[in-house]
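Undergrad: Before I ask anything, let me first share the structure, which is written out below as structure tokens.
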Amino acid sequence: MDLRSKRALVMGLGVHGGGLGVARFLVGQGAHVTITDLRGPDLLKPSIDALAGLPIRYVLGEHREQDFRAADLVIRNPGVPRESRYLQIARTAGAAIEMEMTLFFRLCPGPILGITGTKGKTTTTLLAGAMLREQYPDTVVAGNLRVSALEALPRITAGTPVVLELSSWQLEGLGEAHLSPQYACVTNISPDHFDRYGSMEAYVEAKRQIFVHQREDGFAVRNIDDGIVAHMAEQAPSQDIWFSGRDIEAHGPPIFTSSPIAYWREDTLIWRCPGSEDEVICHKSDVRLPGNHNLANIAAATALAKIFGIETEHIRDAIRNFVSVEHRLEFVRELDGIRYINDTTATAPEATIAALRSFEAPVVLIAGGADKNLPFDALAWAIVERAKAVVLLRGTATPKLQSAISNQQSAVSRSKHPADCRLPTVAGPFDDFVQAIDAARALAEAGDVVLLSPGCASFGMFRNEFHRGDEFKRIVNQF
């Protein structure tokens, strides 16, 4: 791909690193680079400062039609809808439309392992990367992790494994470009991003792109326990590989399948490959990641590593050494006998439900935020069932969550004798994060967990979910 002297327009600089990597890459390739973003220079200052000294033209606070008509190449940020009228202007004018990830797939010489899902994709990506690094120390881990894949290109050879976390938005672009990774994994699917997709069917179709363009030499790694995921690759010519986060033999007859599978048998992770004896990978006592939901993530990463040819001892060592992931059930500190846990990336109800089920101790939950048009009934039930108290953050989704909690509390009160009811205290909503955390601290006592697991997007009070998690850690560490 010869980009010398091409007029390249980066649509959406962003603050997560992807826009930075694209801009640096394009400049390095000799392109004439313009960056346009609806946000102003104040919000984008950290990203602009990181590009200081590079020959880049900025159009900030607006998009201009003439910039899109003049471009040879437009690289859209994953957050930009593909239906954007500015992209249509560029298409009509003859510009090529790319994303960072489509450029990377076209240029990457090494094998790509792609991982997506509603929950668990980051943990599975980092764990699979750790397994591969045990055997291939030069393994690259990037993608939807605030790490630019393009910036890693100079050190990638044909023998360098690349493990990528892929969002549904990135997969949209890959699908348009008819690109799928050779090794593809979907952890699970539950409702999310309805503010972007409008329906479950559209969301699933975006995720399905990870398999659609695989070839016969590809591998489709899927969660056998998830009815949607199990059928997502039926039309792909790639090979079926399965995983499970539970003891599936205990829930029915023994598994007879012609495809390899990683699954738990009581407290032991098993790799079953037809034609070979079952292989013990590890035991639950080897696992340091918190939460039973992570057993599925471990099985998924194991399935990927095994089909890639990683030795079992390397997989086992990676599992034993893998402790936690930033912003995902991340232990912050213990103070006065209270543990503070940062799970800010739980931006959908299902993720917060999984977090609540990860603790035996009483939980004071901090939840609420921006709306993604998702239902809250199941989360409200989990809060009433498992939380000691809930502190609400102000946001467009919070009234829906508050109403769902109230409805569940009323239902519980009607169905049980009052003496048996132990309903959670509800505080807030707060539009001041310090006050919200102070309220959670006041509601907790020694032995409890204060859990930031909002179940909602972060926009409004915060720039993004990582800003929310960073602020939580900063405030808690100042107590």
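The values are calculated or read from the model by the stated rules, or taken from the named source; none is laboratory data. A quick note: this is a predicted structure, and the numbers were derived from the prediction, not measured. Neighbour counts run over all protein chains shown; Cβ positions are idealised from the backbone, glycine included. We work out accessible area using only protein heavy atoms, side chains counted, and drop any ligands, DNA or RNA first. Shrake-Rupley method; radii C 1.70, N 1.55, O 1.52, S 1.80 Å.
Undergrad: Percent of accessible area on the range 202-322 owned by carbon and sulfur, 1.4 Å probe?
TA: Using a 1.4 Å probe with all protein chains present, the range 202-322 comes out at 46 percent carbon and sulfur.
Undergrad: Can you pick out the pairs among K45/K121; K400/K473; K6/K372; K119/K388 whose Cα atoms lie more than 32 Å from each other? Mind dumping the intermediate values first?
TA: Values: K45/K121 30 Å; K400/K473 27 Å; K6/K372 38 Å; K119/K388 24 Å.
Check vs 32 Å cut-off fails for K6/K372.
Undergrad: Using the per-residue mean of other Cβ atoms lying within 10 Å as a proxy for protection, in what order, highest first, do the peptides 435-442, 124-131 fall?
TA: 124-131, 435-442
Undergrad: Right, something else. Quick one: 3J(HN,Hα) in Hz for the range 427-433, Karplus 6.51/-1.76/1.60 with θ = phi - 60°, rounded, Gly and Pro as x.
TA: In residue order, the calculated couplings are 10, x, x, 10, 9, 10, 5 Hz.
Undergrad: By DSSP, what percent of the beta bridges with both residues in the range 97-227 are antiparallel, rounded to the nearest 5?
TA: Around 5 percent antiparallel, to the nearest 5.
Undergrad: Considering amide H positions built from the backbone, and no H for Pro or chain starts, which residues 5 or more places from A457, or on another chain, come under 5 Å of its amide H?
TA: Close amide H contacts, sequence-distant or interchain: A370, K372.
Undergrad: For the range 327-394, what is the accessible area per residue in Å², given a 1.4 Å probe and the full set of protein chains?
TA: 33
Undergrad: With θ taken as phi - 60° and the coefficients 6.51, -1.76 and 1.60, list the Karplus ³J(HN,Hα) couplings across the range 300-310 in order, rounded to whole Hz; mark glycine and proline as x.
TA: 5, 4, 5, 4, 4, 5, 5, 5, 7, x, 6
Undergrad: Let me ask something additional. Can you give the % of DSSP beta bridges in the range 91-169 that are antiparallel, to the nearest 5?
TA: So the antiparallel bridges amount to about 10 percent of the total.
Undergrad: In addition: In terms of the ratio Rg/(2.2 N^0.38 Å) built on C-alpha atoms, what value belongs to the chain?
TA: Scaled against compact globular proteins, the figure is 1.01.
Undergrad: Under the rule of -39500 (n - 2.57) per DSSP H run of 4 or more residues, summed and divided by the residues of the chain, what mean residue ellipticity at 222 nm is obtained, to the nearest 500 deg cm²/dmol?
TA: Values: 17 runs with 168 residues, N = 479.
Here the helix-only value at 222 nm equals -10500 deg cm²/dmol.
Undergrad: At what distance in nm do the modelled label points of D317 and L38 sit from each other, each positioned 7 Å from its Cα along Cα→Cβ?
TA: Computed distance between label sites D317 and L38 equals 4.9 nm.
Undergrad: With every protein chain left in place, what is the accessible area per residue of the range 73-199 in square angstrom, probe 1.4 Å?
TA: Dividing the accessible area of the range 73-199 by its residue count gives 33 Å².
Undergrad: Based on DSSP, what percent of beta bridges with both residues in the chain are antiparallel, to the nearest 5? Spell out each step's value before the answer.
TA: Values: 17 of 76 bridges.
DSSP beta bridges in the chain are roughly 20 percent antiparallel.
Undergrad: Report the local net charge at E330: Lys and Arg +1, Asp and Glu -1, summed over other residues whose C-beta lies under 9 Å from its C-beta.
TA: On the way: positive: R328, K473; negative: E326, D343.
Value of the local net charge: 0.
Undergrad: If I model the range 67-128 as equal point scatterers sitting on the Cα atoms and use the Debye formula, what is log10 I(q)/I(0) at q = 0.18, 0.29, 0.30 Å⁻¹?
TA: Here log10 of I(q) over I(0) equals -0.77, -1.17, -1.21.
Undergrad: If you take the alpha carbon radius of gyration of the range 140-248 and divide it by 2.2 N^0.38 Å, what ratio comes out, to two decimals?
TA: Scaled against compact globular proteins, the figure is 1.11.
Undergrad: Around I366, which amide H atoms from residues at least 5 apart in sequence, or from another chain, sit under 5 Å from its own amide H, with H modelled in the peptide plane?
TA: Under 5 Å from the amide H of I366: V391, L451, L452, S453.
Undergrad: For the range 173-282, what's the relative contact order in percent, using C-alpha pairs closer than 8 Å and at least 6 residues apart? Don't skip to the end; give the middle numbers.
TA: Details: 186 pairs, mean separation 21.0, N = 110.
Computed over the range 173-282, the figure is 19 percent.
Undergrad: To continue, here is another question. Could you give the radius of gyration (one decimal) and Dmax (whole number) of the Cα atoms in the range 356-456, in Å?
TA: 13.0, 37
Undergrad: Keeping all protein chains in place and using 1.4 angstrom, which order do D217, D192 fall into by accessible surface area, from largest down? Mind dumping the intermediate values first?
TA: Values: D217 70, D192 10 Å².
These residues rank, largest area first, as D217, D192.
Undergrad: Amide H neighbours of E326 under 5 Å, counting only residues 5+ apart in sequence or on other chains, H built in-plane at 1.01 Å?
TA: Close amide H contacts, sequence-distant or interchain: none at all.
Undergrad: Explain nothing, just compute: Karplus ³J(HN,Hα) = 6.51 cos²θ - 1.76 cosθ + 1.60, θ = phi - 60°, for every residue of the range 367-379 in order, whole Hz, x for Gly and Pro.
TA: Those phi angles translate into 9, x, x, 7, 7, 10, 6, 10, x, 10, 4, 5, 5 Hz.
Undergrad: By the scheme Lys and Arg +1, Asp and Glu -1, what is the net charge of all other residues having a beta-carbon under 15 Å from that of L54?
TA: Here the charged neighbours net out to 0.
Undergrad: Follow-up question, since we're still on this one. Using a probe of 1.4 angstrom, how much of the accessible area of the range 1-155 is carbon and sulfur, in percent?
TA: The value for the range 1-155 is 50 percent carbon and sulfur by accessible area.
Undergrad: Test of understanding: what is the full-extension gain from E249 to A446, defined as 0.36 nm times their sequence separation minus their Cα-Cα distance? Display every interim value, and only then the final one.
TA: Working: separation 197, 0.36 × 197 = 70.92 nm, distance 3.94 nm.
Gain on stretching E249 to A446: 67.0 nm.
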